[in-house]
Amino acid sequence: MFTPFRTVAVLGAGVMGSQIAAHLANAGLTVHLLNLASSTGCKNDHVEAAYKKALKLSPPICFTEKTSRRVILGNFDEHFDRLATVDWVIEAIVEDLPTKQALMERLEAVIHPDAIISTNTSGLPIQAIAKGRTKSFRSRFLGTHFFNPPRYLKLLELIPTKDTDPQVLARMQWFGELHLGKGIVIAKDTPNFIANRIGMYATLLAIKAWTEKGYTIAEIDTLTGTLVGRPKSATFRTADLIGLDTLTYVTDHLYPAIPDDESREIFQVPEIMQKLVSTGTLGAKTGQGFYKKQKSAILAINPETLTYEATDDTDSLEVTAIAKLPLTDRLIALYRDRGRAGEFFRQTMLEILAYSSRRIPEIADSPLDIDRAMCWGFGWELGPFEIWEALGFETVLADMRSANILLPEWVNILSSKEGQHFYQEDIHQNLEVYRHGQGYVPVPLLRDAIDLDLLKSEPKLTVWQNSEAALLDLGDGVLLYEFRSKGNTLSFKVLEGLSASLDILMSDHYKGMVIGNGSDHFSGGANLLEMVIAAQSGNLGVLEKLIVDFQNLLHRIYYAPKPIVAAIQGRVLGGACELVLACPHVVAAAETYIGLVEVSVGLIPGAGGILRTVKRAVERSASELPSHIQPLITRVFETIAMAKVSSSAYEAQEMGYLPASAKIVINGDRRLAVAKAEILHLDRLGYLPPIENNSIMVLGRSGRAVLEHEAYLFQQGGYASEYDRYLANRLAYVMTGGELSAPALVSEQYLLQLERETFLPLLEQPKTQERIAHVLKTKKPLRN
């Protein structure tokens, strides 16, 4: 078992250094962020300005405002001695080898003899940076290549040198996975390591299709974006975000560093990029790059005239039907397509897959390393070799040979053995991957992660299921209730399944239940389409029964005699937030974005969200005096009325959406395993459910007046429409106890009935129906 780092120093407060420091602070470390001293004024001016600028980035780099205070600023002149006490030093200064080497020499004279030293260089040889240092220093030195933005991109490439102590590498891998939430790939000390080498190749290949093969920017971004399982920023929008100057710099330095790369010529900086950079057209940072926003229009640059024009219609690609298919089916359909879209996809994909294979064993020894690097670093849903397998190993191989595309010998050897591909299952159905020089080896499981796909493949582990949900056996007497509806919405069938699962949980066979899933997002909330259909039918009785049943279901969860743990991640909105509020125990991925957003669709929470946020506010109050409760209630009111969503699980605790007792894991892959462990722990303690509270202090008419005044100020300040204010007033009515003239103690059922009685009439409001229709059509809120 390794010892976690507690204090770390980041040297260099540039774009990456500041963000790395912030993410280390997110992980609970004390961080010293040092930069060159300012030559004028206060010597900390440079570092303070750089960090202040980083804190303004969107999305935010810190989990909360408090987190940012863990970063202690300093400069190389006055504060270099602080490095004597840190556990880990990360160098992130300018990409210049002599400058880095000089810093390493200065570091060695100061740091503790057990401290680990790493560099975040993205292009310089790791071994060369530590040249001239002692054997002890070199044994504790390696590359730690974070991806931008470090908080949100999962990949961390660890690059050991021939001198790096294996125990140092193992400790870094352990800490990176467990405490930084990273997906670790061990890379070789080769130019651009793994992800950037393959990613740059794919980017330059797409630019070549634009400049030489007649495809437009809009067409290429369509064919390299979500359609093929990559981020929606695709090729050219991503390039603009990175910066054309940065891409040019990386390409310029890569080309001379890879003299033996058979595809080296693709890494010549395209002439169009040279022209754009020379004119200061650098992308998002200068307001224009490949794209330019002009008022509400998005324009794309013409490669011939270098003027901006309306983006071309992509209907000629004829991919509308293909886009509706599941990812693997989309890829196969595109590969088989005989039109313009298929031609681009086949040509570029064959080249990318072949190039990836030719980089083994140069940059990595296994297809798994390249697949994980591209998925975790570039946001691909499937890596190159996973795509190759999906398209058909033999099919792709035959097409490559037909097109005279160069293949490495190891692929030819693999193809000669019938039934052997990059990945295969052993006799026990465990996944194996080909590893150069070793044959097939087991695919290493992510630390403390539950493999849901493996669970689902075992029919005997499915305890119950319908078309939109399932109850799985996690072993050791623990169940998992998993949503499978579109968007993981809380549809009628999902709620029906949850009720059935609670019945099953009550048998003697089980100790507790986790509510969670393996998706990127826990749940988008209630199924709005089902609600609209019911409302438009004019039968509010059906809806009232639905709300009553949902309230009763959440009441059962909260007071269940066995522990129920919500394991959440990503977006947790509306009704899903109400479900989590009803779970006494929560395990949350740090990247959890939770909120009661009903106001944005013309409603207020109706299934206990108001009840439980009011209860928590009262419980946090110093006493039941209205003067003590009012500020807390006002804050909750503002949060719900403005449909605020947390930017992290830690902020969700501050907002009252998650209890202080919630277990927050920075590596979201661990959430189900931690939730299971929490149930077993609670069971061993002798679980007792919460005590029902039927004396909740509400503030009555005077408290409501305070909240209604807040709503008035929202509207006057331009933060809310007239209808927003109306909704906020209805929210205030429920939160303060309805028509009560003075502060009073009320029961849970009293507040639930108020929620129900206020929620249902809102569904008949034309403006509410407009908001719901707009969200269903555009996936964006309407403030009418």
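The values are calculated or read from the model by the stated rules, or taken from the named source; none is laboratory data. Since we're looking at a predicted model, the values are computed, not measured. All Cβ positions, glycine included, derive from the backbone under ideal geometry; neighbour counts span all protein chains shown. Heavy atoms of the whole protein, side chains included, go into the accessibility calculation; ligands, DNA and RNA do not. Shrake-Rupley method; radii C 1.70, N 1.55, O 1.52, S 1.80 Å.
Structure values in brief
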{"read-out": "Efficiency of FRET from Cβ geometry, residue 765 and residue 253, R₀ 56 Å, rounded to 0.05", "value": "0.40"}
{"read-out": "Antiparallel DSSP beta bridges within the chain, percent to nearest 5", "value": "45"}
{"read-out": "Phi-based couplings in Hz for the range 594-610 (Karplus 6.51, -1.76, 1.60; Gly and Pro marked x)", "value": "10, x, 8, 10, 4, 4, 5, 10, x, 10, 10, x, x, 10, x, x, 5"}
{"read-out": "Net dipole in debye of the range 625-671 [+1 Lys, Arg Cβ; -1 Asp, Glu Cβ; about Cα centre; nearest 20]", "value": "140"}
{"read-out": "Relative contact order, percent, the chain [alpha-carbon distance under 8 Å, six or more residues apart]", "value": "8"}
{"read-out": "At R0 = 60 Å, FRET efficiency that the Cβ-Cβ distance of residue 49 and residue 425 yields, to 0.05", "value": "0.65"}
{"read-out": "Net lengthening on full extension, residue 170/residue 263 (0.36 nm per residue, minus Cα-Cα)", "value": "30.1 nm"}
{"read-out": "Whole-number accessible area per residue in Å² for the chain, which is evaluated in the context of all protein chains at 1.4 Å", "value": "43"}
{"read-out": "Between helix 195-212 and the chain: long-axis angle, C-alpha atoms, 0 to 90°, nearest 10", "value": "80"}
{"read-out": "DSSP loop chymotrypsin sites (Phe, Trp or Tyr not before Pro) with at most 16 other Cβ within 10 Å excluded, longest remaining stretch of the chain", "value": "153-558"}
{"read-out": "Cleavage-rule hits, GluC sites (Glu not before Pro), the range 326-395, DSSP coil, Cβ neighbours within 10 Å at most 13", "value": "none"}
{"read-out": "Helix-derived mean residue ellipticity, 222 nm - over the chain, DSSP H n ≥ 4, -39500 (n - 2.57), to 500", "value": "-13500 deg cm²/dmol"}
{"read-out": "Those residues of the range 184-199 whose amide nitrogen sits under 13 Å from the label point placed on residue 162, 7 Å along Cα→Cβ", "value": "189"}
{"read-out": "Sparse-neighbourhood loop sites, GluC sites (Glu not before Pro) in the range 206-310 - DSSP loop, at most 14 other Cβ within 10 angstrom", "value": "262, 304"}
{"read-out": "The range 571-664: C-alpha gyration tensor shape, a/c 1.5 cut-off, then a/b vs b/c", "value": "oblate"}
{"read-out": "Selection of trypsin sites (Lys or Arg not before Pro), the range 185-284, meeting DSSP coil and at most 12 other Cβ within 10 Å", "value": "213, 232"}
{"read-out": "Label-point separation in nm, residue 409 to residue 692, each point 7 Å along Cα→Cβ", "value": "7.6"}
{"read-out": "Net lengthening on full extension, residue 65/residue 549 (0.36 nm per residue, minus Cα-Cα)", "value": "170.3 nm"}
{"read-out": "Gain in span if fully extended, residue 536 to residue 295, counting 0.36 nm per residue against the direct Cα distance", "value": "83.0 nm"}
{"read-out": "For residue 450, solvent-accessible area (1.4 Å; no DNA, RNA or ligand), Å²", "value": "50"}
{"read-out": "Accessible surface of the chain [probe 1.4 Å, protein heavy atoms]: carbon and sulfur percent", "value": "52"}
{"read-out": "Computed magnitude of the charge dipole of the range 700-784 (debye, nearest 20; Cβ of K, R +1, Cβ of D, E -1)", "value": "400"}
{"read-out": "HN-Hα J in Hz across the range 342-358 - Karplus 6.51, -1.76, 1.60, θ = phi - 60°, x for Gly and Pro", "value": "x, 4, 4, 4, 4, 4, 5, 5, 4, 5, 5, 5, 5, 4, 4, 5, 6"}
{"read-out": "Estimated distance in nm for a label pair at residue 152 and residue 416, the labels positioned 7 Å out from Cα along Cα-to-Cβ", "value": "4.8"}
{"read-out": "Computed label-point distance, nm, for sites residue 94 and residue 441 using a 7 Å Cα→Cβ extension", "value": "4.0"}
{"read-out": "Partners for residue 779 among lysines (Cα-Cα distance below 22 Å; same-chain residues under 8 apart left out)", "value": "232, 293, 295, 324, 486, 644, 767"}
{"read-out": "Pairwise centroid distance, computed over Cα atoms, of the range 665-719 with the range 227-254, Å", "value": "41"}
{"read-out": "Cα-centre dipole for the range 280-366 with unit charges at Cβ (Lys and Arg positive, Asp and Glu negative), debye to 20", "value": "240"}
{"read-out": "Cβ-Cβ FRET estimate between residue 343 and residue 134, R0 fixed at 45 Å, reported to 0.05", "value": "0.20"}
{"read-out": "Given 493/615; 154/615; 460/493, the pairs whose alpha carbons are separated by over 25 Å", "value": "493/615; 154/615"}
{"read-out": "Cα-based equivalent ellipsoid, the chain: semi-axes from gyration tensor eigenvalues, Å", "value": "46, 32, 29"}
